[in-house]
1. Cut-off is 10 Å between beta-carbons; in what order do Cys87, Cys125 appear when sorted fewest neighbours first?
2. Once you charge only the Cβ atoms, +1 for Lys and Arg and -1 for Asp and Glu, what is the size of the charge dipole of the chain about its Cα centre, to the nearest 20 debye?
3. Quick one: grab the alpha carbon gyration tensor of the range 132-177, order the square roots of its eigenvalues as a ≥ b ≥ c, and give me rounded if a/c is under 1.5, else prolate or oblate depending on whether a/b is larger than b/c.
4. Rounded to the nearest 5, what % of the DSSP beta bridges within the chain are antiparallel ones?
5. What aspartates and glutamates could a cross-link reach from Lys11, if we take a straight Cα to Cα line under 12 Å and drop same-chain neighbours fewer than 8 places away?
6. When the chain is fully extended, how far beyond the present Cα-Cα distance does Ser58 get from Thr171, taking 0.36 nm per residue of separation?
7. Contour minus end-to-end for Ile221 and Thr75, with contour as 0.36 nm per residue of separation and end-to-end as the Cα-Cα distance?
8. Sorted from fewest to most neighbouring beta carbons within 10 Å, what does the list Lys121, Lys111, Lys71 look like?
Amino acid sequence: MRTPFIAGNWKMNTELTEAASLVREMLVELDKVADVEKVLCPPFISLTAVKKLIKGTSIELGAQNMYFEEKGAYTGEISPIMLVDLCNFVILGHSERRQYFAETDEVINKKIKKALQFGIKPILCVGETLEDNEAGRTEQVITSQVKAALAGVNSTDLLVVAYEPIWAIGTGRAATGKQANDTIGLIRNSVRSLWNNQIAQAVRVLYGGSVTGENIAEFIIETEIDGALVGGASLKAKDFLSIVSQTAAIKSSR
Ligand code: PGA
């Protein structure tokens, strides 16, 4: 049994006081939802404050990025040493990092390995462009991203993967549940070819891209989809709570 998983990726939104208010607004209700792993990923500068607020609750914390070196002359970067005592998850390979900050599969692979070395659980994002999707290249792109990111990785115990088609991120044009389920099946095939069927069935794979309280059910009812990586809707306490509680209700009824 894979524990359902919902993460909120706040991206470059909320300054310190806004981050704290957002957490306070949903803290009590979010804590009460059982049987779903709930992870908040605020900007770096709010990690400490959010960590204090969620202390003693069932809510967990994630960073949105991490560098693969441990320390040194890398102006502006954040290392695993800085994150390891702060949060237990880190989003890696997000398409916005690939697109705007030129992150390559090779860099992402180094980051994944480094996170695992420090026991920080990576949420590895993969996803195809609209152009690739329309040209029928989804399988090829996804398979190559998964294989490159996980090359040389020896344990998947801490790994979570998120399928985030680029054309669905922040566009209000989500994939359909069936599309997402099929592509997540392809991700499990890649994991199977890297390791074995048992590992492919055990790793959690999320859908991300314009998930809201209105459409979450469509994804969660699908058998391959274990949860969601939520951007925009995670900035509204009510919407995020609705996504988490619907996930709990649907997955526990199966
Ligand atoms: P969105 O973002 O929910 O705003 O589309 C998802 C993501 O990029 O993780």
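1. Numbers: Cys87 23, Cys125 27.
The fewest-first ordering by Cβ neighbours comes to Cys87, Cys125.
2. That gives a dipole near 540 debye.
3. Details: a/c = 3.27, a/b = 1.66, b/c = 1.97.
Since a/c reaches 1.5 but b/c is at least a/b, the shape of the range 132-177 is classed as oblate.
4. Details: 0 of 28 bridges.
The antiparallel fraction comes to roughly 0 percent.
5. Cα-Cα hits under 12 Å: Glu96.
6. Details: separation 113, 0.36 × 113 = 40.68 nm, distance 3.09 nm.
Stretched out fully, the Ser58 to Thr171 stretch lengthens by 37.6 nm.
7. Numbers: separation 146, 0.36 × 146 = 52.56 nm, distance 4.42 nm.
Once the chain is fully extended between Ile221 and Thr75, it gains 48.1 nm.
8. Working: Lys121 18, Lys111 25, Lys71 11.
By the 10 Å Cβ count, ascending, the order reads Lys71, Lys121, Lys111.
Any read-out appearing in this document is the output of simple, stated calculations on the displayed coordinates, not a laboratory observation. Please read these numbers as outputs of a predicted model, since none were measured by experiment. Note: ideal-geometry Cβ built from the backbone for every residue, glycine included; neighbour counts use all protein chains shown.
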